[in-house]
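Peer 1: This structure is in structure tokens; I'll ask about it shortly.
The values are calculated or read from the model by the stated rules, or taken from the named source; none is laboratory data. These numbers were taken from a predicted model, which means no experiment stands behind them. Ideal geometry is used to build each Cβ from the backbone, glycine not excepted, and the neighbour counts take in all protein chains shown.
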Amino acid sequence: MNYFPLLMNIDFKKVVIVGGGHVARQKVEALLPTKAQLIVVSPKITETLQRYVHEGFVTWRNKEFEPADLDDASLIFAVTDDEEVNNAVEEAAQHWQLLSRADAKGRVDFINPAVVRRGEFVVTVSTSGASPGLTRKMKAELEEQFGEPYAEYVFFLKQARKQILRLFSGEKKKQLLADLLEPQVLQWIEQGEKEKCNAWLQQKIGEQQ
Ligand SMILES: C[C@@]1(CC(=O)O)C2=NC(=C\c3[nH]c(c(CCC(=O)O)c3CC(=O)O)Cc3[nH]c(c(CC(=O)O)c3CCC(=O)O)/C=C3\N/C(=C\2)[C@@H](CCC(=O)O)[C@]3(C)CC(=O)O)/[C@H]1CCC(=O)O
Ligand SMILES: NC(=O)c1ccc[n+]([C@@H]2O[C@H](COP(=O)([O-])OP(=O)(O)OC[C@H]3O[C@@H](n4cnc5c(N)ncnc54)[C@H](O)[C@@H]3O)[C@@H](O)[C@H]2O)c1
């Protein structure tokens, strides 16, 4: 299957997760960094999910699934351990609502990649459902490769790029944007020497003015 990868803005949209087990927790945790409205429908939920409910991140409907639970949902996760229930969720989902089934059966509008987040730097990995175990293993490797400093690094690149776009156009702009990616900049961030990045940037800008 050739899935189409994209990064969606789901802030303030309603997301309904049917099921409250280990897989529901994984999906909720992937959704927590967004500002989506998260609703879990299940007669039982894990302790971690209960904590998210107490902290106000998730609304829990403590009951078995009914079609009306899907009203106004943009995204739907059918993640129960009961194929019949997942089928019922699929049947109740409107064509415009995007459905993900954790059992990968029937209609699956989207699947979930593993995600490594470092601020605005996001790496996702998928095997298109072929081997979720390999996906998870690759995630661990990517976490090693792209450590926490990437958040600050990409934040610096964002601010620097904004400044360059404000001041330059044409070849000068192109050259400066390319210079920004010099490995030295990342090394300074990794060594906690952000001020060197700023000084370097102002010097580069000065040379082009
Ligand atoms: C990446 C991740 C994201 C997430 O869940 O959000 C995710 N699975 C993760 C882990 C994981 N899942 C499974 C294992 C056990 C090892 C194994 O079975 O290999 C492990 C490993 C573990 O948990 O350690 C079992 C499993 N998974 C699916 C089935 C059903 C089937 O294939 O039939 C079964 C068999 C169930 C059974 O035995 O009955 C189906 C799907 N799992 C997907 C995503 C989608 C495709 C991903 C891709 O593109 O590769 C897809 C198609 C649908 C979906 O859920 O979107 C998350 C990593 C979380 C993280 O670490 O961040
Ligand atoms: N996609 C993945 O990453 C992945 C990984 C492992 C398993 N799976 C699949 O996901 C399914 C769920 O796995 P799990 O480990 O979370 O199972 P689990 O047994 O921990 O949780 C199942 C949940 O479904 C809820 N449920 C059952 N009937 C319901 C109903 N009528 N209405 C609402 N909720 C109901 C239960 O209360 C429970 O919270 C598995 O059966 C398997 O098919 C997917």
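This table checks each residue for (1) touching a residue at least 12 places away in the same chain (Cβ under 8 Å); (2) outside the structural domain of Gln26 (by TED's automatic domain parsing); (3) exposed (fewer than 13 other Cβ atoms within 10 Å of the Cβ); (4) in a strand (DSSP E or B).
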{"position": "Ala130", "(1), (2), (3), (4)": "no, yes, yes, no"}
{"position": "Arg136", "(1), (2), (3), (4)": "yes, yes, yes, no"}
{"position": "Leu142", "(1), (2), (3), (4)": "yes, yes, no, no"}
{"position": "Leu157", "(1), (2), (3), (4)": "yes, yes, no, no"}
{"position": "Leu165", "(1), (2), (3), (4)": "no, yes, yes, no"}
{"position": "Glu171", "(1), (2), (3), (4)": "no, yes, yes, no"}
{"position": "Lys174", "(1), (2), (3), (4)": "no, yes, yes, no"}
{"position": "Gln184", "(1), (2), (3), (4)": "yes, yes, yes, no"}
{"position": "Cys197", "(1), (2), (3), (4)": "yes, yes, no, no"}
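Peer 1: How many of the residues making up the stretch 89-128 are touching a residue at least 40 places away in the same chain (Cβ under 8 Å), away from ligand 1 (no atom under 11 Å from the Cβ) and outside the structural domain of Thr34 (by TED's automatic domain parsing)?
Peer 2: The qualifying residues number 1.
Peer 1: Name the residues in the stretch 12-62 that are more than 9 Å from ligand 2 (Cβ to nearest atom) and closer than 11 Å to Phe77 by Cβ, would you?
Peer 2: Val15, Val16, Ile17, Val28, Ala30, Leu31, Leu38, Ile39
Peer 1: Does the stretch 48-56 contain at least one residue that is part of a loop (DSSP other than H, G, I, E, B), outside the structural domain of Ser128 (by TED's automatic domain parsing) and more than 18 Å from Ala104 (Cα to Cα)?
Peer 2: To start, the set of residues in the stretch 48-56 that are part of a loop (DSSP other than H, G, I, E, B) comprises 55-56.
Now drop any that are not outside the structural domain of Ser128 (by TED's automatic domain parsing), which leaves 55-56.
This time we only want the ones that are more than 18 Å from Ala104 (Cα to Cα), so: 55-56.
Yes: one or more hits.
Peer 1: Counting only residues that are in contact with a Gly (Cβ under 6 Å, 6 or more places away or on another chain) and within 16 Å of ligand 1 (Cβ to nearest atom), which one in the stretch 45-88 is farthest from Lys35 (Cα to Cα)? Spell out the reasoning first.
Peer 2: Keep residues of the stretch 45-88 that are in contact with a Gly (Cβ under 6 Å, 6 or more places away or on another chain), which gives 45, 49, 79-80.
Next, from what is left, pick out any that are within 16 Å of ligand 1 (Cβ to nearest atom): 49, 79-80.
Numbers: Leu49: 17, Val79: 21, Thr80: 24 Å.
Here the answer is Thr80.
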